[in-house]
1. So for the chain, taking the charge dipole from beta-carbon charges (+1 Lys/Arg, -1 Asp/Glu), which of PHE238, LEU328, PRO452 sits furthest toward the positive end?
2. Name the residues of segment 426-444 whose amide N is less than 15 Å from a point 7 angstrom out from the Cα of ASP488 along the C-beta direction?
3. Tell me, what is the per residue accessible area of the chain in Å², probe radius 1.4 Å?
4. With label points built 7 Å along Cα→Cβ from the Cα atoms of LYS455 and ASP155, find their separation and express it in nm.
5. Find how much the distance from PHE280 to LEU344 grows on full extension, using 0.36 nm per residue of separation minus their present alpha carbon separation; answer in nm with one decimal.
6. Place a +1 charge on the Cβ of each Lys and Arg in the chain and a -1 charge on the Cβ of each Asp and Glu, then give the dipole magnitude about the Cα centre in debye, rounded to the nearest 20.
7. Please give the contour-minus-distance gain from ARG374 to ARG114: 0.36 nm per residue of separation, less the Cα-Cα distance, rounded to one decimal in nm.
8. Which whole-number percent of Cα pairs in segment 272-413 have a distance greater than 18 Å?
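The values are calculated or read from the model by the stated rules, or taken from the named source; none is laboratory data. Owing to the predicted nature of the structure, the values given are computational and were not obtained by experimental measurement. Glycine gets a Cβ as well: all are built from the backbone with ideal geometry, and neighbour counts include every protein chain shown. Keep in mind that these areas ignore ligands, DNA and RNA; they rest on the heavy atoms of the full protein, side chains included. Shrake-Rupley method; radii C 1.70, N 1.55, O 1.52, S 1.80 Å.
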Amino acid sequence: MPVAKVQTALRIPSNWIAAGALLLVVIATRGLWFGDPVADFDEQIYSLIGWRMTQGDLPYADLWDRKPIGLFAIFALSHWLFGPGPMAYQAVAALFAMAGAWLVYLLSQDLVDRTSATVAGALYLMLIAAYGIYSAQSEVFHIPLMLLMLWLVKDWRRPDATRRALAAMLVGGLALQVKYTVLPQCAFFGAYALYGEWRRGANLRRLAGVAAAFAALGLLPTVFVAALFIRWGEFDAFWFANFVSFFDRAASPAGRFPRLLAVGVIPLAAFVGLGLYAAFRLNTPRDWRIYGLFVGWAIATLATVCLPATTYLYYYAALAPAAVLIALPVIDRTAPAKWIPAALLVAGMLWILNLPDRFQISVIERTTEQRLARAVAPHIGTQNHCLYVFDGPTSLYHETASCLPTRFVYADHLNNALESKSLGVSQPAEISRILAARPGVIVTASRPVTVPCEKCLALIGEATARDYRPIITSSLHDRMITAWVRRDSET
């Protein structure tokens, strides 16, 4: 039975059908990892800091990372509402993913019908999952905010366009408190909104005033956070982590464009390339102004991806919504090729995602992490003889209820040579201090993920050889993780 007849029979609005379809895709592309504490790396430290915030600890001063506090606040709120487990933040991340898909659906309707727009929203969800945003990486939280900015500023001809643009700049300010690298996108949307003001006849004086208001609203959340840290007496820690350490971190020897990324960006390049070809040769967009805005946003988003000195593949997930919107002339089921291009794109994404294999891997890895936690827990204390994860899953701190041996609890901060000048402390000196406190268990890995700090490796190697013995070694994320227990702590 055709969809239209089903809707008539059941009297279900089209938007509800679209929402239901997108929700199913959210569950299909993210549900595999629900409850997996080691689904990815970075979210483990975000979760730990967020959970400790609910216990009174303060980011930067008590637990160090350079991400803005807004990201940690999302995790803190997730844990406060839904408990300490990974399902708390993964459920919230799924809601953000759904919000992003819904905004793609709404934005797509400027160029295609609702059915094609629903496919666009589903492809967005598949793309971000393919680029590693299937659990709770920061991109899943800031992409919907960028999409909301786009939705607010896209039509400068509206009578309420200025008010919507002001709201968009505040949204951008909130996004900056999730990840500062969204700045180029915020600047792009601000410039586009100012262009709209000019097109509506604003003179230079008004343009200057509106620009100042845009900047003030964009900076407001960050200024508010800075004021809080001044009140708490930890402004120096906040300033260093947020605005100094980023520039002190060394660039990866592989540079911004490692060779491996050439293969990784093929799906995004295919969406953009096919969309542009179709737009100019096969299926002219209904509104070139809107389509051009999508292309401009994609360029601004690429600047966001490449802003850090070191680029990782999952950063490119930020391009996913723009790539899908550019591909709308291909996805459009009313085009000459009908459903065929959209069906091929969906089939290609399902092949890339390979969900059954990923589910099996997730089950194995969460079982491994639980096995490690059970082996480690009896050998550590909550006040002394802490666990120290030199290299391995940060989730073990929370899973074992361990005390924390350092405020640099994310392993990458102390074992990564690229961080040697960006922490405000000497990595070897901090590791020596940790070892002097005689941690009950040290966790190491068979090979580093990043450029290793050789002095740090030597210190850990000497300590484990002299004072510790291995109690368990398990494979996790294609590395062998070993837990070493201190010999004189055993009874």
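1. LEU328
2. 435-441
3. Numbers: 21450 Å² over 491 residues.
On a per-residue basis, the chain sits at 44 Å².
4. With each label point 7 Å from Cα toward Cβ, the separation is 6.1 nm.
5. On the way: separation 64, 0.36 × 64 = 23.04 nm, distance 2.03 nm.
So the chain would gain 21.0 nm between PHE280 and LEU344.
6. Details: 41 positive and 32 negative charges, 282 e Å.
Dipole magnitude for the chain comes out near 1360 debye.
7. Values: separation 260, 0.36 × 260 = 93.60 nm, distance 5.02 nm.
Value of the extension gain: 88.6 nm.
8. Numbers: 7107 of 10011 pairs.
The calculated P(r) of segment 272-413 puts 71 percent of pairs beyond 18 Å.
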